[in-house]
Structures are given as structure tokens and as C-alpha cells.
Amino acid sequence: MRTAGLGLKAAALGAILYLHVPIAILFLYAFTTEDASFKFPPPSLTTRWFEVAWNNADIRAALGLSLRVAFVAMVVALILGTLTAGAVWRTRFFGREALSLFIVLPIALPGIITGIALRSAINLADLSFSFWTIVIGHATFCVAVAYNNVIARLRRTSPSLIEASMDLGARGWQTFRHVLLPQLSSALVTGGMLAFALSFDEIIVTTFTAGNQQTLPIWIFSSLVRPRNRPVTNVVALAVVVLTFVPIVVAQRFSRRAEESS
Amino acid sequence: MTVAVEFDGVSKSFGDVQAVNNVDLKIADGEFFAMLGPSGSGKTTCLRMLAGFEIPTAGRILLDGADVSGLPPYDRDVNTVFQDYALFPHMTVAENVAYGLMVKKVGDKERRTRVDGALALVHLEALGARRPAQLSGGQRQRVALARALINRPAVLLLDEPLGALDLKLRQEMQLELKSLQREVGITFIYVTHDQEEALTMSDRLAVFNHGRVEQVGTPAEVYESPRNPFVAGFVGVSNIVEGALATRLRGNPMPFTVRPEKITLSDPAIDPPEGSVFIDGTVVEATYLGMYSRYRVDVDGAVLLVAGQNLDVDHGEVGATHGRRVRLHWNSRACRPLSESPAATDNIPTAGAVD
């Protein structure tokens, strides 16, 4: 492999700075002593906003809601996404190719369109806005992520593995447990983690499908207009970044390991 | 002899495509049976129907006398060695081999003994802890065999199992498979498109073409007496003589075949032996191939292929070279009449050969 030239290195550094300097500044303001407006550089640094944030019941409730929504949306997405991927892989039916497109569409559509559509649908179905309507909203795009990961793995899995398992005497459930599931495990972890991360920081669709509940992103958004305790928002933002970062790193690790072993 | 497997009027179509067309076969218990044919001839579909991966559109498949046509793969006493081996990549070699016992909940102790035995059978005792990815093609092949044999099936199905190996390894494995089959005494059904492989290994073979069975018999029967032009051309190399030349040689225009090695080249001045068919021609191509030489001889516009063993110690067979006039003669019994169309096998009782 050739070593990168000076120009390329500079360009890469520039791109990374461009992407991450704003986030660094956001982090920095989480420690500022100035509580009403953001001044650069901060007059002094403190960790007291972390304590304030931790003791804030609204934030705790929002964090709890976001975690629960992300978890349930992830589980729903994994189940539906895996079943759909299995159907598309194993069988031929009318509209099979179109199905892939339709499953992935919610990710490509602007969130605001998905949001409006879901809101009308929920109203039409006469459902009250609740935890479950948020989950339904998130599941639409989480399914796409789970489906994509699982179908990609299945396409690299030889169908004769399934046949070999049945041939050796395994019934459907045994084949699923001993052959298919181990084959899919890393794809399920990757898809699940990505779905979790996507759900955790989603705001646009959530504003349309939530009632009075506040997920963490919604809390951040609404607290921006409040003048006091500004840095608390930054502390929460920092927490969101960390909580989103972990699953994405795990997902990357897993997909790389799967790549190496296959 | 008892019948292990019977195909009774079996057909299979996929949409508009007729993959298997009214196949009747009886395969004897303990037999090494080859299904030979070009790709798309229906041989693999027949194997897959026997394994339970496809359900016949018509007809019945009997295993030890019982109709299994509609049974799922896990309820049939057959096991398969797949073309791509289909080893489970997330399991070790030993776990792969033990799979059939594991899903049938065979006890730990017996499982270990039988896995050791199966690995010893294919000479892989030392590799039980490896993953399939760490094995060579030949080793994977053996693991697939051990995994399929550990269930002690009534019939072992092999779907072009040596196709992915290089020539030398393939020839070694052919002999090994044959001796393995004698050792375990299980009926082997072996699908291949390689006529040499089928002739080398099988006790009997069926030649498939366009979803039909063209001929069933021992390798010698099929090779020496091909029933129609397709079999004559697909199993070995043959001369097919028809029309005016056939009339001139045998007195009637019925097409016949004669194998190149049955024809002797001689000097046109020498009288052929009593009871032989002969004709003069011109050598258009002579190729020295070591053990024998191959000649293409022009006979009144038709070209006959002759294989002459290089028996002469001083110089090859008559030293025939390009442009030389030669006399071809062969025993008239070497002329094997052919039925005109391959489809004419419909009324041939293929099943009769077994009982």
C-alpha cells in the first residue's frame, strides 16, 4: 500500500475537523460556568451541570423513555426484519423485488413525510398517542436497518447449509437454532445496534407520533428555548452522543469480525 | 437382491420446464449406482427428489419398499454429500460430523465414539478441532462424507462430490470412495457429468438426457452396447455410421456404432480376417498419444475415428501417417445397431435389470 501524500493527509484532517470541531465545542460548553449564554472561551470550567442534569426528574424520565423506546423498537425491527429477509431469501413470490424497495423506503423518505403519514394513520385508526405510537414510528425505519443487515448475510449464506441440516435429521426449529441463527448472529447484533442508535436520537418522526411524552431528543429541543441552565442541555447532548456511539462501535466490531470469519 | 430405491414413473417440472420426465429406475441394495448425464439432464433433480428437497410432480419414489415421495428430508433414511460440501462454518470438524447425532439427541458418550469412528473412516482423526475454513478442498470433502455416513443411512447420495477437486486428487478420491463404499456396504448413488468417473466407480449406471433415462446397465454393457446415438457419443467416443456407408458395410441403412479401439488399421494389400467388415480410406490425421495413437481416416467422405494401440516395438501401428492409404477392418460383431431416436427408450424395461 502506498503512503498517503501530504495533500491527502491535510484533506483528511480538514474533513475530520470539519465534522468534529462543532461536537467538541458542544462538549466544551457542557463544562462552562456561564449559565445563560455561550461565550467562547468559557470563563471557567465546572462539572456541576452533570449533577444538575442527573437530579433533574424530567431528564431522567426522558432518558428512560428513550431507552425503552429504542429497545422495543429494536426488538420489533429484528423480528420483522429477519422474518421478511427470510421470506425474500427462501421463496419466490409476486412482488419479491419490490418488497425490498418498500422495506427500505422509510429510511430514504424524509422523516417529516414519514411523521405526517404516521400521524394521519394513527389518527385515522383512532389510537391515542402513547409509548406504543412512538415505537411504531421508530420501527418503520428500524425494520429497514435490520432487514438490510440480515438479507445481506443471508445472500452470502449457501442455501445448501439449510438443506444439509434437514438432511442430517434436524427439524425446522433445530435448523433455525443450530444453523441459521449462528449464521445470522453477527448480522443481528449489527442490525440491532444500528436500529437502537437510530431510534435513540430520532426526533422528527417522534414529534409526530408522541403525545405528551418527551424522549431525550425532544427534551433537548424544547430546552433550547429556555434561557436558564443552558449547559445542562449540553450535558444531555453529550450523554446522547456517548449512548449512540457505543452501539455503533459494537456494530462495527461485529460486522468486521463476521467479514473476517466468512 | 433386494431393491433399495425405486423411481416409479417419476416426473418433475419447474413451471414450464420439464426437468425429469417419467423416470423408472430400480437400484439394488449395496450397489454403487451412478447417474450420468450432461448438465440439465435431470440427474441432480432425481437425487434431490430422493433426498426430499424436491417433491415429484408425478410418480412415486420408494425407499426400502415404502413410498417416501412426500416426506420431508429429516424423515428419510438417506444422507447427502453436497457439491459445495455445505459444512457448517461456525462449527468445528468434530461438531459438523456430530451434527446428525446431536439433533437426534444421541448420548454424549456414544456420540464421541461414533464421531471418532467416522473421522477415522475418512482419515481425519487429527483434525477434529479445526474449522472448515482451515481445511483444504480434499479434507472438506472427507468431512462432508463422514458427516453424511455417521447417521448410517440406508442410501448415501453424492452430488458431483469431486467436481471441485483437481484431477489428481479426484482420481485418488474415486478409488477411495469406491473402497469406502465396499467397507460400509451402504448403497451409494452418485451423480456426475464425467463419464470416466461413472465408468470407473459404478456397479451400474443410468445415462440421463433431457430428463429421461436413456440406458441403464453395467459400465461394460453401456459402453459396449450403447442403445442410441446419444449414449454412444456421451459415454466414451464412438463412430456413428449411417446412410450409404452403413448400407455398404452391413447391407442395410440402419445406423450403427463402432468404438474406435475395435477398428484395426492395416495395409490395403493385406486380406482382412474371416468374418470382419472392412473398408479402405485415407489417413487425414494421426496423433501419437503414447499408449495408443488416434487416427482420423477419410472413408468416401465420412470420417472414422480409429484408436490403435502402439504395440510394435520398433515403430508405431503400421506407421500410418497423413495421406496414407489404409485398410480399416473390424469384427462384424463390433457393429452395434442404434435405435434412431433417443426417445425410443420409453418402451425399454429399464427396471428388469435388477431383479
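Just so it is clear, none of the values below were taken in a lab; they were calculated from the coordinates. Everything quoted here is computed from the prediction, not taken from an experiment. Positions of Cβ are backbone-derived with ideal geometry, glycine not excepted, and every protein chain shown enters the neighbour counts.
Which number comes out as Rg/Rh for the stretch A:129-244 once both Rg and the Kirkwood Rh are worked out on C-alpha atoms?
Here Rg/Rh amounts to 1.19.
Rg/Rh, computed from the Cα trace of chain B with Rh as the Kirkwood radius, has the value 1.06. Converting phi to 3J(HN,Hα) with the Karplus coefficients 6.51, -1.76 and 1.60 and the offset θ = phi - 60°, the stretch B:235-245 yields 9, x, 10, 8, 9, 10, 10, 8, x, 4, 5 Hz in sequence order, with x at every glycine or proline. Here the dipole of the protein assembly as shown is about 2860 debye; that uses its Cα centre as origin and unit charges on the Cβ of Lys and Arg (positive) and Asp and Glu (negative).
Projected onto its three principal axes, the C-alpha set of the stretch B:35-96 covers 40, 30, 18 Å, listed from the longest axis down. Full extension of the segment from B:THR2 to B:ASP67, taken as 0.36 nm per residue of separation minus the current Cα-Cα distance, would add 21.8 nm. All other residues whose Cβ lies under 15 angstrom from that of A:GLU34 are scored, Lys and Arg at +1 and Asp and Glu at -1, for a net of +3.
Between 0 and 90 degrees, rounded to the nearest ten: what's the tilt of helix B:108-121 against the longest Cα principal axis of chain B? Helix B:108-121 sits roughly 20 degrees off the main axis of chain B. Normalised by 2.2 N^0.38 Å, where N is the number of residues, the C-alpha radius of gyration of the stretch A:58-261 stands at 1.16.
Here the calculated FRET efficiency for B:THR287 and B:ARG152, from their Cβ-Cβ distance with R0 = 56 Å, stands at 0.70, rounded to the nearest 0.05. Counting only DSSP H runs of at least 4 residues, each contributing -39500 (n - 2.57), and dividing by the residue count of chain B, the helix-based mean residue ellipticity at 222 nm comes to -7500 deg cm²/dmol. When the charge dipole of the protein assembly as shown is built from unit charges on Cβ atoms (+1 for Lys and Arg, -1 for Asp and Glu) and taken about the Cα centre, the candidate among A:PHE31, A:SER185, A:VAL242 whose Cα reaches farthest toward its positive end is A:PHE31.
Just to confirm the filter: which trypsin sites (Lys or Arg not before Pro) across the stretch A:1-97 are DSSP coil and have at most 13 other Cβ within 10 angstrom of their Cβ? Intermediate results must be reported in sequence, preceding the final value.
Numbers: sites: A:ARG2, A:LYS9, A:LYS39, A:ARG48, A:ARG60, A:ARG68, A:ARG90, A:ARG92, A:ARG96; in loops: A:ARG2, A:LYS39, A:ARG92.
Listed in order of number, the matching sites are A:ARG2, A:LYS39, A:ARG92.
Which FRET efficiency value, to the nearest 0.05, is calculated for A:LEU181 and B:ALA220 with the Förster distance at 56 angstrom and r the Cβ-Cβ distance?
On the way: r = 51 Å, r/R0 = 0.91.
It comes out at approximately 0.65.
Could you give the size of the charge dipole of chain A about its Cα centre, using +1 on the Cβ of each K and R and -1 on the Cβ of each D and E, expressed in debye and rounded to the nearest 20? Write out the running numbers ahead of the final one.
Details: 21 positive and 12 negative charges, 87 e Å.
It comes to approximately 420 debye.
Using equal-weight Cα scatterers in the Debye expression, the normalised intensity of the protein assembly as shown in log10 at q = 0.07, 0.08, 0.12 Å⁻¹ is -0.68, -0.79, -1.19.
Over the Cα atoms of the stretch B:14-68, compute the convex hull volume and normalise it per residue, giving Å³.
Details: hull volume 5.0 nm³, N = 55.
Convex hull of Cα atoms, per residue: 91 Å³.
Please compute the length gained on full extension between A:ILE248 and A:ARG48, using 0.36 nm multiplied by the number of residues separating them and subtracting their Cα-Cα distance.
Working: separation 200, 0.36 × 200 = 72.00 nm, distance 2.89 nm.
This chain segment gains 69.1 nm when fully extended.
In plain terms, if you count all Cα to Cα distances in the stretch A:1-137 and split them into 5 Å steps from zero, the share in each step is 2, 7, 9, 10, 11, 11, 12, 12, 12, 8, 4, 2, 1, 0 percent. Averaged over peptide A:167-180, the number of partner chain Cβ atoms lying within 10 Å of each residue's Cβ comes to 6.
May I ask you to derive the relative contact order of the stretch A:58-261, considering only C-alpha pairs under 8 Å and at least 6 residues apart, and to give it as an integer percent? The partial results should precede the final answer.
Working: 230 pairs, mean separation 68.1, N = 204.
For the stretch A:58-261, the relative contact order is 33 percent.
State, as an integer percentage, the relative contact order of the stretch A:160-262 based on alpha-carbon contacts under 8 Å between residues 6 or more apart. Relative contact order for the stretch A:160-262 comes out at 37 percent.
Just the Kirkwood number for the stretch B:239-337, please: inverse of mean 1/r across all distinct Cα pairs, in Å, one decimal. The partial results should precede the final answer.
Numbers: mean 1/r = 0.0735 Å⁻¹.
About 13.6 Å, per the Kirkwood formula over Cα pairs.
A Gaussian network model of chain A, with springs between Cα atoms under 10 Å, assigns the largest mean-square fluctuation among A:SER158, A:SER222, A:SER100 to A:SER158.
From a point 7 Å beyond the Cα of A:ARG60 in the direction of its Cβ, which residues of the stretch A:213-256 have a backbone N at a distance under 19 Å? In the stretch A:213-256, the label zone of A:ARG60 (backbone N under 19 Å from the point 7 Å along Cα→Cβ) covers A:213-217, A:219-220, A:232-233, A:235-237, A:239-240.
Averaging the sequence gap over all C-alpha pairs within less than 8 Å and six or more residues apart, then dividing by the number of residues, gives the stretch B:239-337 a relative contact order of 35 percent.
Principal-axis analysis of the Cα atoms of chain B puts helix B:137-149 at an angle of about 60° to the longest axis. Of the residues B:GLN134, B:GLN309, B:PHE188, the one whose Cα sits farthest toward the positive end of the charge dipole of the protein assembly as shown, with +1 on the Cβ of Lys and Arg and -1 on the Cβ of Asp and Glu, is B:GLN134. Sorted fewest first by neighbouring Cβ atoms within 10 angstrom, A:SER160, B:SER41, A:SER128 come out as A:SER128, A:SER160, B:SER41. Placing R0 at 22 angstrom, the Cβ-Cβ distance between A:ARG257 and A:ILE23 gives a FRET efficiency of 0.20 after rounding to 0.05.
The GluC sites (Glu not before Pro) of the stretch B:92-200 include none that meets both conditions, a loop assignment by DSSP and at most 11 other Cβ atoms within 10 Å of the site Cβ.
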